[in-house]
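The values are calculated or read from the model by the stated rules, or taken from the named source; none is laboratory data. Just so you know, these numbers come straight off a predicted model, no measurement behind them. So basically every Cβ, Gly included, is an ideal-geometry build from the backbone, and we count neighbours across all protein chains shown.
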Amino acid sequence: MPTFEDPTADATEASEALRGLAHATRTFDNPADTYAVLGDLLGGMRSLREVFDQLATAHVSHRVRAHDDAGSQTAGSISAHAAANELHHAVALLDGLHDRLDAAMSQSGRIAWHEAPAEAPPASRWINVVFLEGQDADQVLDLINHGGTDAAIEHLAGYDVGEETTQAALVNGYVYDRVPAGALDRIATGKDYTLTYNHDLGHVSLLRTHPAAPPENRSGTQPQRAASRTAFRRPARTQIADDDWSLSRPSSVSRGRSL
């Protein structure tokens, strides 16, 4: 809260408030809010002009107390006058800035903001082929470190059994309009597959592109999502030797472990 008495404390608070405003205005969920922000900034601009004027007056009125580091009052007085002169120039610039801001607010007030148009449905979606974590994921993460993401994609693609994988993903709700990845996950693509992995959390996931359903089908009730993604977890098929980081691609998936 402003003190209305302590210029140092109020200046600090104003600086923090402007920092917060700079952060908050990175995105506007409702563009109509820009008009209110412009109005507040216009009022702040008038107050800032007054502050500059008063800072200039303070430098001139207290110039007899001004000295330089060597103790010269004459040099200090000259610097006080120079600071006041620069502040008066800043006031002139603020006057022009105020007029521009006022004009921007006037133009903004003429805008009637409508709802954003509906986004077109994606041309394709992603289905989850396999999700591994723990020791199963560690082997694949080691493969990524030593053989690259292409080798990992080729290995995990062995878990894809075509239509059976697709139907299992549809039933369990593992179909996504966007690649499901956390903020710290890494993403790599190859052929029709997308690989996401995270060394810190110890998990890897392979997804395959799938044509999007027609709009009339997408509007229906979605399949109930499985309670846990661990239903897609499978033990690794290949043990990795310490001196051999290549993994053979599984030729098939056991029916007992199918999706």
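Some observations on this one:
- Taking (1) in contact (Cβ under 8 Å) with a residue 40 or more places away in the chain; (2) assigned to a helix (DSSP H, G or I); (3) not acidic (Asp, Glu) in turn, Asn30 satisfies each apart from (2).
- Of all residues in the range 175-187 being surrounded by fewer than 16 Cβ atoms within 10 Å (Cβ to Cβ) and among the small types (Gly, Ala, Ser), the one that is farthest from Ser124 (Cα to Cα): Ala183
- Some residue of the range 44-60 being β-branched (Val, Ile, Thr) and exposed (fewer than 14 other Cβ atoms within 10 Å of the Cβ): yes
- Just one of the listed residues (Ser47, Ser15, Ser79, Ser61) is small (Gly, Ala, Ser), touching an Asp or Glu at 6+ places or on another chain (Cβ under 8 Å) and either farther than 30 Å from Glu115 by Cβ or at pLDDT below 95 (or both), and it is Ser79.
- In this entry, Arg110 passes the filter for residues that are assigned to a loop (DSSP other than H, G, I, E, B), over 28 Å from the mean Cα position of the chain (by Cα) and free of Cβ contacts under 8 Å to residues at least 24 places away in the same chain.
- Out of Arg19, Arg26, sole residue that is under 26 Å from the mean Cα position of the chain (by Cα), among the basic types (Lys, Arg), closer than 24 Å to Ser106 by Cα and surrounded by fewer than 11 Cβ atoms within 10 Å (Cβ to Cβ): Arg26
- Going through (1) of a type in the set (Ser, Thr, Tyr); (2) out of contact with any strand residue (DSSP E or B) (no Cβ under 6 Å at 6 or more places or on another chain); (3) surrounded by 15 or more Cβ atoms within 10 Å (Cβ to Cβ) one by one, Ser106 falls short only on (3).
- Test for Thr194: is it under 22 Å from the mean Cα position of the chain (by Cα) and surrounded by 13 or more Cβ atoms within 10 Å (Cβ to Cβ): yes
- Which numbered condition Arg125 misses (of (1) in contact (Cβ under 8 Å) with a residue 12 or more places away in the chain; (2) more than 30 Å from Thr194 (Cβ to Cβ)): (2)
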